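Structure first, then comments.
Computed from the coordinates by the stated procedures, all read-outs in this text should not be read as laboratory data. Just so you know, these numbers come straight off a predicted model, no measurement behind them. Methodologically, a virtual Cβ is constructed for each residue, glycine included, from the backbone with ideal geometry; neighbour enumeration extends over all protein chains shown.
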Amino acid sequence: MNDLSGRISWADVALALLLVAVSVAISRRRRAGLERDIAVATFRSFAQLLAVGFVLDFVLGGGSELTPVVLLVMVATATLTSGARGKRVPGAYWIAATAVSAAAGGTLGVLLALGIVPASPRAAIPLGSMIISNAMNTASLVMGRLRDDLAANRREVEAHLSLGETATDASSSWHRAAVRSGMLPIVDQTKVVGLVALPGAMTGMLLAGASASSAIRLQLVVMYMLLGGNAFAAMVAGRLTVARLFTADHQLIRSLRRVAG
């Protein structure tokens, strides 16, 4: 087998920095002002992946009892990131934590319970990281879209409420739109998988020398897993966001009503 990953040395990684230099040069020439961000991103990616590599070497080498700890750290990091993006929603961090945890626990739990993937660090950690990162983005999109839409259409929402509708009914159309916006990226990606681009898991297996048939089977499981995880995250984030944007008396919270002036 032609294992490309085993052929790449640290010298090759250093040579690949030439591509970073190209991006810096283009940014400087076009006055995009991204030189510092590119440098920081390059350094952080190196440091973070190096640190994670040492941890994964230990965990994958036999420290399976640390698998839940690694996944919890990923969930916590995703919660902080998603919560910060949705900070205009009250309780955004709690919403993000619940949505990401539901996506990771529900989706990965089903795969493990059905025996589709083995309960080993080598399977659970990479697959869990994919679910968590996608759920993080979905939760952020749903929270932000729902809050912005309700604020922009607050008069219409309040008109529905004045007719005796509950908060759930009054916000239902914007709730659906937010869930749709959160799930649409992964749905579109699933539609064109293999036609527009070869996705990560499949590419990794092909580069490692696996057969195309094996890579395809794994990628199908991954895509279906991400669809399920994003659905969990969108549903939970949407319901909890609605609950936090309305009072117990089915009124928009004060911060949204103040926007009406």
(request) At q = 0.13, 0.16, 0.22 Å⁻¹, what is the base-10 log of I(q)/I(0) for region 13-93 according to the Debye formula with one equal point scatterer per Cα and no solvent? Please give it to two decimals. (result) -0.69, -0.86, -0.98
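Taking the Cα centre of region 1-61 as the origin, how large is its charge dipole in debye, to the nearest 20, when only Lys and Arg (+1) and Asp and Glu (-1) carry charge on their Cβ atoms?
On the way: 7 positive and 5 negative charges, 102 e Å.
That gives region 1-61 a dipole magnitude of about 480 debye.
I'd like the projected area of the chain, averaged over all directions, using the convex hull of its alpha carbons. Report it in nm² with one decimal. Walk me through the intermediate numbers first.
On the way: hull surface 71.8 nm².
With the hull built on Cα positions only, its mean projection is 18.0 nm².
Ratio to report: Rg/Rh of region 53-171, with Cα atoms as the point set and Rh obtained by the Kirkwood method; give two decimals.
Working: Rg = 18.6 Å, Rh = 16.2 Å.
That ratio is 1.15, to two decimals.
Could the peptides 177-184, 71-78 be put in order, highest first, of the mean number of other beta-carbon atoms found within 10 Å of their residues?
On the way: 177-184: 19.6, 71-78: 17.8.
Highest mean packing first, the order is 177-184, 71-78.
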(request) Just order 42-54, 132-144, 206-218 by mean Cβ neighbour count inside 10 Å, highest at the front, would you? (result) 132-144, 206-218, 42-54
(message) Principal axis extents for region 145-255, Cα atoms only, whole Å, descending order, please.
(response) 62, 23, 21
(message) Projecting each Cα onto the charge dipole of region 100-196 (Lys/Arg +1, Asp/Glu -1 at the beta carbon, about the Cα centre), which of 187, 144, 174 comes out farthest on the positive side?
(response) 187
(message) Using only the Cα atoms of region 117-179, what are the Rg and Dmax in Å?
(response) 18.0, 55
(request) Sort 21-32, 111-122 for me by packing, meaning the mean count of neighbouring Cβ atoms within 10 Å per residue, highest on top. (result) 111-122, 21-32
(request) Enumerate the helices in the chain for which the Kyte-Doolittle hydropathy averages 0.5 or more and the C-alpha atoms extend at least 15 Å along the helix's axis, using complete DSSP H runs. (result) 10-29, 35-60, 67-85, 92-113, 212-245
